[in-house]
Amino acid sequence: MEDDHRLFARIDVELSLKFLNQATGKEGKGQTLNISANGVCFATEESLGPYTPIGIWLNIPDHHEPLYVHGKVAWVKDLEDDDKKKCIGVCVEIDKDEL
């Protein structure tokens, strides 16, 4: 069994999202697979590489505006159920000014 060294629990939730590859300016769409206090895992057909800076707008039900987070791509894997999509893991950065 693989050791999981995460500090925060992951919550399985499906939310639609938009993202911006901040290195290229290219936008994309996806759907979360799970989220945590410091990370987002989502599926997309767009190509992203590790360390790519990314902005993400999460569509939260019953909220008027999407929730914005930003960070860097930590890892990329093939999605098991769909050979066209990738599973993207993002490490979310928390600005001290936002606390």
Whole-Hz couplings from phi, Karplus 6.51/-1.76/1.60, listed for the stretch 10-19; x for Gly and Pro: 8, 10, 6, 8, 9, 10, 6, 8, 10, 9
For I60, residues with placed amide H under 5 Å, excluding near neighbours: L67
For the stretch 57-72, Karplus couplings with θ = phi - 60° (6.51, -1.76, 1.60), whole Hz, Gly/Pro x: 10, 8, 8, 8, x, 6, 10, 6, 10, x, 8, 9, 9, 9, x, 10
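Given the Cα-Cα distance of A9 and V76 and 0.36 nm per residue of separation, how much length would full extension add, in nm?
Gain on stretching A9 to V76: 22.1 nm.
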At R0 = 35 Å, FRET efficiency that the Cβ-Cβ distance of D62 and Q22 yields, to 0.05: 0.80
Long-range amide H partners of Q22 with built H, under 5 Å: I54, G55
Whole-number accessible area per residue in Å² for the stretch 48-99, which is evaluated in the context of all protein chains at 1.4 Å: 75
Share of carbon and sulfur in the accessible heavy-atom surface of the chain [1.4 Å probe, %]: 49
Tally of Lys pairs whose C-alpha atoms are under 23 Å apart, taken over the chain, 8 or more apart or cross-chain: 23
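The values are calculated or read from the model by the stated rules, or taken from the named source; none is laboratory data. Bear in mind that the values here come from a model prediction, so they are computed numbers and not experimental data. Cβ sites come from the backbone with ideal geometry, for glycine too, and all protein chains shown count toward neighbours. For accessibility, only protein heavy atoms count, side chains too; no ligands or nucleic acids. Shrake-Rupley method; radii C 1.70, N 1.55, O 1.52, S 1.80 Å.
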